Amino acid sequence: MSGEYEDGRPIRPDGLAIRRLRRDRGWSRRELLEAIAEAALRETGIRETISPNLLEGIEEGDEAIPYSTLCRIASGLDCEPVQLVAEPV
């Protein structure tokens, strides 16, 4: 599925799914941001995360993001990126 997104077009994440997975783990948004940073550190050796404002925009408004950002969130949640993509309308 990632081939569809490799051209750089923004994709619409499923903000409710991201929020549900975060809350299922008992995490605040800040804790998810920390998990994203820890996953990036394990995978690349560089501690990277996303901004709190971006996470809020994703969870509250399904803000379109690059596929690489979706992958970063999925790593933090320990799930597949496809689980976080909104269904086409």
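The values are calculated or read from the model by the stated rules, or taken from the named source; none is laboratory data. Since the structure is predicted, the reported quantities are computational estimates derived from the model, not experimental observations. Note that we place each Cβ from the backbone using ideal geometry, even for glycine, and neighbour counts take in every protein chain shown. With ligands, DNA and RNA removed, areas are computed over all heavy atoms of the protein, side chains included. Shrake-Rupley method; radii C 1.70, N 1.55, O 1.52, S 1.80 Å.
Of note:
- Scattering profile of the range 13-56 at q = 0.18, 0.21, 0.23, 0.31 Å⁻¹ [log10 I(q)/I(0), Debye over alpha-carbon scatterers]: -0.53, -0.70, -0.81, -1.09
- Simple label model, 7 Å out from Cα along Cβ direction - CYS79 to ARG30, nm: 2.4 nm
- Rotationally averaged projected area of the chain (alpha carbon convex hull; nm²): 5.5 nm²
- Cβ-placed point charges (K, R +1; D, E -1), dipole of the chain about Cα centre in debye, nearest 20: 300 debye
- Here the simple spin-label model places points 7 Å from the Cα toward Cβ, and for ARG19 and GLU48 these points are separated by 2.7 nm.
- Here the chain exposes an accessible surface that is 47 percent carbon and sulfur, computed with a 1.4 Å probe and the other protein chains kept in place.
- Probing with 1.4 Å while keeping every protein chain in the model, the per residue accessible area of the chain equals 60 Å².
- Dipole of the chain [Lys/Arg +1, Asp/Glu -1 at C-beta], most positive-end residue of PRO52, PRO66, PRO81: PRO52
- Relative contact order of the chain, defined on C-alpha pairs under 8 angstrom at six or more residues apart (%): 43 percent
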